[in-house]
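The values are calculated or read from the model by the stated rules, or taken from the named source; none is laboratory data. What you are looking at is a predicted structure, and each value in this text was computed from that prediction instead of being measured. Reconstructed Cβ throughout: ideal geometry from the backbone, glycine too, with neighbour counts over all protein chains shown.
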Amino acid sequence: MDHLPVFLDVKNRKIVVCGEETIAARRVEASLRAGANVHLFAKNPGGEFHKHLTHKSLVHHQREATAKDLDGALIAYGASEDAEENKRLYHLAKAQDILANVADVTEYCDFITPSVIDRNPLVVAISSSGNAPILARILRARIESMLPASYGRLAKFAGGFRDRVMKHIAKPEGRRNFWEQVIDGSVGDLFMAGDEDQAAEKLLIQLDEAANEKEIAKKGAVFLVGAGPGDPDLLTFRALRLMQRADVVVYDRLIGDDIMGFVRRDAERIYVGKMPNQHTMLQEDISQLLVDLAKQGKNVLRLKGGDPFIFGRGGEEMDLLAENNIPFQVVPGITAASGCSTYSGIPLTHRDHAQSCVFVTAHGKDGVLELDWNNLVQPAQTVVVYMGLSSLGILMEQLARHGADPKTPAAVVDKGTRPDQRIVTGTIEDLNEKVQAAGFDGPSMIIIGSVVTLREKLRWFGATDDQEHSFSLTARDDL
Ligand code: SAH
């Protein structure tokens with residue numbers, strides 16, 4: 001290791017910054033955030049300083065720093081565009097043994113300013129020891145996207161109990177075990193799910209158990225998690241975290257291998273979808289399975305396609321869990337309608353086309369669709385149909401019979417958001433025929449309404465000339 005990583009307490013300490021542009025502004029900002037008294041030496045500070053110049057802990061000097069200005073300073077930052085000025089500051093600082101840092105000049109740096117992920121009070125700092133600051137910055141962005149904002153709050157929450165835990169659990173090892181169980185266990189889960197009161201209550205119970213050297217009773221829980229429509233990039237932070245905490249995962253057909261790849265490696269996997277020549281497991285049996293597994297003390301991850309509360313029967317599973325007093329939490333996911341809409345360039349609402357949008361399921365009994373047809377054929381409305389692929393023909397026929405214009409634009413998005421997504425557009429009149437010809441096998445989403453024509457306008461986003469081909473609006477960033 002070339003440097004010793006430390007986090008300095010600079011509260012009410014003097015920090016000198018020289019410079020007028022971006023780097024100096026960043027140094028000022030970070031120093032002020034950490035509670036330092038900042039002396040800025042800048043003749044013409046740029047616009048980025050506008051909110052700092054009036055900060056009560058900042059003194060602005062419109063001149064160069066002198067040796068006397070450095071008296072009592074802890075750090076001197078040379079962040080000027082003028083290399084000579086930085087060098088001069090460095091030597092002034094060294095004469096008084098003050099820690100100095102000149103941006104981008106390793107030989108004039110007593111320390112490195114790391115790339116920082118700030119989830120106050122939780123802070124992650126990364127350094128490449130001056131070798132590749134850009135690599136450190138890229139890494140920072142990656143870690144940034146992995147750390148939910150709520151980790152900062154969790155750190156604060158834990159901090160609030162630190163003294164009490166210190167008093168009740170004498171051995172450092174006991175405290176370490178305790179905190180591991182709290183943060184990576186049900187207390188952490190409750191807190192991250194937004195239930196701070198219950199989390200605190202549970203923490204105190206566990207503290208009592210740990211202080212009396214009792215084994216913390218492991219109680220099972222169920223995480224009902226929406227995994228989105230297929231693209232793993234659409235998972236939420238919370239979904240990812242709980243996927244890593246599962247002892248067992250219960251999943252079905254809508255969950256692809258890509259998504260399963262994010263579940264903890266050693267979690268047991270139970271498939272409850274349809275197998276060739278076999279019946280799907282009954283909903284009642286799935287709900288009961290969740291209860292039984294949780295009663296064995298396991299963390300049960302119930303992974304659902306899209307959102308658990310949109311045609312996901314999440315409500316039914318939740319009912320049985322509640323009846324059995326099993327702790328559970330529900331995590332929303334991006335529903336298939338939303339994923340298919342954005343990934344196919346068909347907005348579901350638009351000022352000129354549709355002011356409302358209805359989600360319906362075409363999963364009827366014995367091929368008979370019990371839908372409120374009159375409600376579906378309203379003007380200026382988009383209709384999105386889940387589970388409609390096998391009854392697409394009847395669906396289109398019924399809409400026309402109930403007064404919809406046969407020329408109404410309509411589309412089917414097959415395997416939306418996945419790498420093999422395909423789209424067919426047409427009208428109520430000809431959509432079924434086109435979809436049959438394309439041989440879609442689902443999961444598929446039907447979108448009906450004039451918003452479908454907007455796909456044409458959005459083609460510049462990277463669509464190919466072939467209308468049948470898929471494209472992804474998210475690919476826009478790469479263009
Ligand atoms: N809870 C899920 C829906 C479950 S119902 C959600 O919120 O998305 C299953 C239906 O969802 C499928 O029959 C299909 O109509 C739709 N669906 C799910 N994933 C899809 C995908 N990737 N592309 C298109 N439709 C999808």
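Miscellaneous remarks
- Extreme residue, surrounded by the fewest Cβ atoms within 10 Å (Cβ to Cβ), among residues of the stretch 333-363 that are part of a loop (DSSP other than H, G, I, E, B) and within 13 Å of the ligand (Cβ to nearest atom): H363
- Per the conditions (1) crowded, with 18+ Cβ neighbours inside 10 Å; (2) modelled with pLDDT of 90 or more, the sole criterion not satisfied by E196 is (1).
- So E370, is it surrounded by fewer than 17 Cβ atoms within 10 Å (Cβ to Cβ) and not small (G, A, S): yes
- Residues that are within 16 Å of the ligand (Cβ to nearest atom) and either under 18 Å from A337 (Cβ atoms) or among the aliphatic types (A, V, I, L, M) (or both), drawn from the stretch 415-432: K415, G416, T417, R418, Q421, R422, I423, V424, T425, L431
- Any hit, the stretch 282-294, residues being outside any strand (DSSP E or B) and within 12 Å of the ligand (Cβ to nearest atom): no
- With respect to the conditions (1) near the ligand (Cβ under 10 Å from one of its atoms); (2) polar (S, T, N, Q); (3) touching a residue at least 60 places away in the same chain (Cβ under 8 Å), Q329 lacks only one, and its number is (1).
- Taken over the stretch 388-414, residues that are within 9 Å of the ligand (Cβ to nearest atom) and buried (at least 21 other Cβ atoms within 10 Å of the Cβ) amount to 4.
- The condition of being out of contact with any Leu (no Cβ under 6 Å at 6 or more places or on another chain), modelled with pLDDT of 85 or more and surrounded by 12 or more Cβ atoms within 10 Å (Cβ to Cβ) holds for only one of I216, I134, I143, that being I143.
- Where F311 falls short, out of the listed (1) on the phi > 0 side of the Ramachandran plot; (2) in contact with a Leu (Cβ under 6 Å, 6 or more places away or on another chain): (2)
- Residues in the stretch 147-158 include none that are in a loop (DSSP other than H, G, I, E, B) and modelled with pLDDT of 95 or more.
- When residues of the stretch 444-479 are limited to those that are in contact with a helix residue (DSSP H, G or I) (Cβ under 9 Å, 6 or more places away or on another chain) and hydroxyl-bearing (S, T, Y), the one modelled with the lowest pLDDT: T474
- Residue identified as modelled with pLDDT of 95 or more, surrounded by fewer than 21 Cβ atoms within 10 Å (Cβ to Cβ) and acidic (D, E) among D430, D441: D430
- All conditions but one from (1) within 30 Å of D420 (Cα to Cα); (2) within 16 Å of the ligand (Cβ to nearest atom); (3) not hydroxyl-bearing (S, T, Y) apply to M318; the one that does not is (1).
The rows are residues; the columns are (1) basic (K, R); (2) at pLDDT 95 or above; (3) in contact with a Ser or Thr (Cβ under 6 Å, 6 or more places away or on another chain).
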| position | (1), (2), (3) |
| --- | --- |
| Q329 | no, no, no |
| T335 | no, yes, no |
| I346 | no, yes, no |
| G367 | no, no, no |
| W373 | no, no, no |
| Y386 | no, yes, yes |
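- Pairs with Cβ under 6 Å, 6+ apart, first in the stretch 148-174 and without any contact (Cβ under 8 Å) to a residue 40 or more places away in the chain, second assigned to a loop (DSSP other than H, G, I, E, B): G152/N120; A155/P121; K156/P121
This table checks each residue for (1) among the hydrophobic types (A, V, I, L, M, F, W, C); (2) not in a helix (DSSP H, G or I).
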position: A65; (1), (2): yes, yes
position: K68; (1), (2): no, no
position: K87; (1), (2): no, no
position: Y90; (1), (2): no, no
position: N101; (1), (2): no, yes
position: F111; (1), (2): yes, yes
position: D118; (1), (2): no, yes
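- Neighbours by Cβ (under 7 Å, 6+ apart or cross-chain): first from the stretch 44-70, hydrophobic (A, V, I, L, M, F, W, C); second part of a loop (DSSP other than H, G, I, E, B): L53/P45; L58/H52; L70/Q96; L70/I98
- Filtering the stretch 296-316 to residues that are more than 23 Å from M445 (Cβ to Cβ) and either small (G, A, S) or modelled with pLDDT under 95 (or both) leaves Q296, G297, K298, N299.
- Residues satisfying the stated conditions in the stretch 11-29, i.e. touching a Leu at 6+ places or on another chain (Cβ under 6 Å) and assigned to a loop (DSSP other than H, G, I, E, B): R13
- Filtered residue count, the stretch 248-270, keeping only those that are buried (at least 18 other Cβ atoms within 10 Å of the Cβ), away from the ligand (no atom under 11 Å from the Cβ) and assigned to a loop (DSSP other than H, G, I, E, B): 2
- Filtered residues of the stretch 433-446 (kept if away from the ligand (no atom under 12 Å from the Cβ) and among the acidic types (D, E)): E433
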